[in-house]
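Taking it in order: structure first as structure tokens, then the write-up.
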Amino acid sequence: MSARSSNGVGVKPIRRKGTGTITRAVRTGIATDTAYGSVVPPIYLSANYAFAAPGIPGRYDYSRTANPTRDQLADAIAGLEHGTGAVITASGMAAVMLATKLLSRGDLLLAPHDCYGGCHRLFLAESERVGFDVEFVDQRLPETVQLARERRPRIIWIETPSNPLLRVTDIDAWARLAREIGAVSVVDNTFLSPANQLPLELGADLVVHSTTKLLNGHSDVVGGAVVARDPALLETLGWWSNCLGVAGAPFDAYLTLRGIRTLEARTRIHEANAIRVVETLCGHSVVERVHHPSLPGHPGHEIAMKQQSGWGSLVSVDLEGGRQAVDAFVSGLRYFTLAESLGGVESLITHPATMTHASMDEAAQRAAGIGEGLLRLSIGIEDVEDLVTDLEQALKRTEEFIYQRL
């Protein structure tokens, strides 16, 4: 049961993941070097590896196909997600694209209407090129369930919490429906990471990550991952990764593995800071609405309580006054950098309509609920009092702007 702060924000401690999962992630590759006994595993940057004889490769032959450093990262992420294995890709979008290789001409991809703008763009482009169908739907509506039963999609894509409005989708319910109709359920777990949500444990078939975000946590690597529950699916995705050449680089894998070692510790601070930010924003005169699953009034609050082990570090806010209010709010921010991405140790602020979701046309943005006054905040691990003071000054600037306009 969650406690309540004075502002009605639900505060729930992070639950532990059980037998050694976090420890395994922290210690993946530690003290395994047989050459010199280095505690931290070395980076294997070699593009190729020696054969014992013609036709007799060793464990590794070519780094596009497999690489020791990349395999260590795959083991760590698969362990955290409780999957059978993972395929590491060069970017989050490469991971998304890899999952779409399960689609053939005539198949249907059922995707959320409020998914990340890059996914929206890719799904449309690939559907036209390959010849599969894509339907963007509100997965919270009962009629969407009926649509799925009638049209029997090949893939049901789930993004929860969604980007950028943090809508929550019931993974267990959709995974059960996917099994019923023979679909593959794919969950984008980028916004929470396995520190706060385990989709495979809830019945999903695949988990997709932009490892650029929380898993790496330092905004210095671009990467992605697809984690599978079924070995056969993993084998198919691995084949396509090698065929297409979308595998991540060894150095990027090394840095991401370094980031994963502190994931649990970072998550605690991210989330505690996010709760304080929500409290600061709630109820202010220039704030039309705060989007965060911790709020009891959030439409997905109860589902989040069921399937998440924490609230996450992303907060979205609709401001009164639209785009001009956004400009007033953002100008002069000291501890929030106006930039895309999320999940790094530093706090960021993003204007989805002109940044992360700019590739969606106006009608698609409107259907997803993305307005000119919407801002998305990625809460870092800075001193929370500095973050709160920065936001209070931004709210004051916005209030003064709106007052002058009246």
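The values are calculated or read from the model by the stated rules, or taken from the named source; none is laboratory data. Bear in mind the structure is a predicted one, so any value in this text is a computation, not a measurement. Cβ coordinates were reconstructed from backbone atoms using ideal geometry, including for glycine residues, and neighbour counts include every protein chain displayed.
Quick one: would you say residue 198 is buried (at least 24 other Cβ atoms within 10 Å of the Cβ), in the same structural domain as residue 105 (by TED's automatic domain parsing) and touching a Leu at 6+ places or on another chain (Cβ under 8 Å)?
no
With the structure loaded, tell me whether residue 134 is modelled with pLDDT of 95 or more, surrounded by 19 or more Cβ atoms within 10 Å (Cβ to Cβ), in a loop (DSSP other than H, G, I, E, B) and aliphatic (A, V, I, L, M) or whether it fails that test.
For residue 134, the condition - modelled with pLDDT of 95 or more, surrounded by 19 or more Cβ atoms within 10 Å (Cβ to Cβ), in a loop (DSSP other than H, G, I, E, B) and aliphatic (A, V, I, L, M) - is not met.
Just one of 273, 242 is under 18 Å from residue 382 (Cα atoms) and of a type in the set (S, T, N, Q); which is it?
Only one candidate passes the filter, namely 273.
Would a scan of the range 314-322 turn up a residue that is farther than 26 Å from residue 221 by Cα, buried (at least 24 other Cβ atoms within 10 Å of the Cβ) and in contact with a helix residue (DSSP H, G or I) (Cβ under 8 Å, 6 or more places away or on another chain)?
yes
Which residue pairs have Cβ atoms under 7 Å apart, sit 6 or more places apart or on different chains, and have a first residue in the range 356-371 that is more than 11 Å from residue 113 (Cα to Cα) and a second that is acidic (Asp, Glu) and surrounded by 17 or more Cβ atoms within 10 Å (Cβ to Cβ)?
371/318
Output the number of residues of the range 215-251 satisfying the condition of being part of a loop (DSSP other than H, G, I, E, B) and among the polar types (S, T, N, Q).
The number of residues fulfilling the criteria is 2.
Name the residue that is surrounded by the fewest Cβ atoms within 10 Å (Cβ to Cβ), counting only residues in the range 156-166 that are at negative phi, in a loop (DSSP other than H, G, I, E, B) and not small (Gly, Ala, Ser).
165
For the range 83-107, which positions are surrounded by fewer than 20 Cβ atoms within 10 Å (Cβ to Cβ), over 17 Å from the mean Cα position of the chain (by Cα) and not polar (S, T, N, Q)?
Passing the criteria: 101, 102, 105, 106, 107.
Considering only the range 84-131, state which residues are in a loop (DSSP other than H, G, I, E, B) and under 22 Å from residue 354 (Cβ atoms).
Across the range 84-131, the qualifying residues are 91, 113, 114, 115, 116.
Is it the case, given these coordinates, that residue 285 is outside the structural domain of residue 214 (by TED's automatic domain parsing), polar (S, T, N, Q), surrounded by fewer than 23 Cβ atoms within 10 Å (Cβ to Cβ) and farther than 25 Å from residue 169 by Cα?
Criteria met by residue 285.
Could you grab me the full set of residues in the range 240-271 that are surrounded by fewer than 18 Cβ atoms within 10 Å (Cβ to Cβ), in contact (Cβ under 8 Å) with a residue 60 or more places away in the chain, closer than 30 Å to residue 23 by Cβ and of a type in the set (A, V, I, L, M)?
269
Run residue 394 past the list (1) assigned to a strand (DSSP E or B); (2) in contact with a Phe, Trp or Tyr (Cβ under 7 Å, 6 or more places away or on another chain) and report the number of the one that doesn't hold.
(1)
Run down 212, 169, 144, 190 and say which single residue is assigned to a helix (DSSP H, G or I) and assigned by TED's automatic domain parsing to the domain that holds residue 73.
The match here is 144.
Return yes when residue 100 is in contact (Cβ under 8 Å) with a residue 40 or more places away in the chain and polar (S, T, N, Q) and no when it is not.
yes
Given the structure, is residue 252 closer than 30 Å to residue 336 by Cα and not assigned by TED's automatic domain parsing to the domain that holds residue 401?
yes
Quick test of your reading of the structure: residue 240 fulfils all but one of (1) modelled with pLDDT of 95 or more; (2) over 16 Å from residue 97 (Cβ atoms). Name the failing condition by number.
All conditions are met except number (2).
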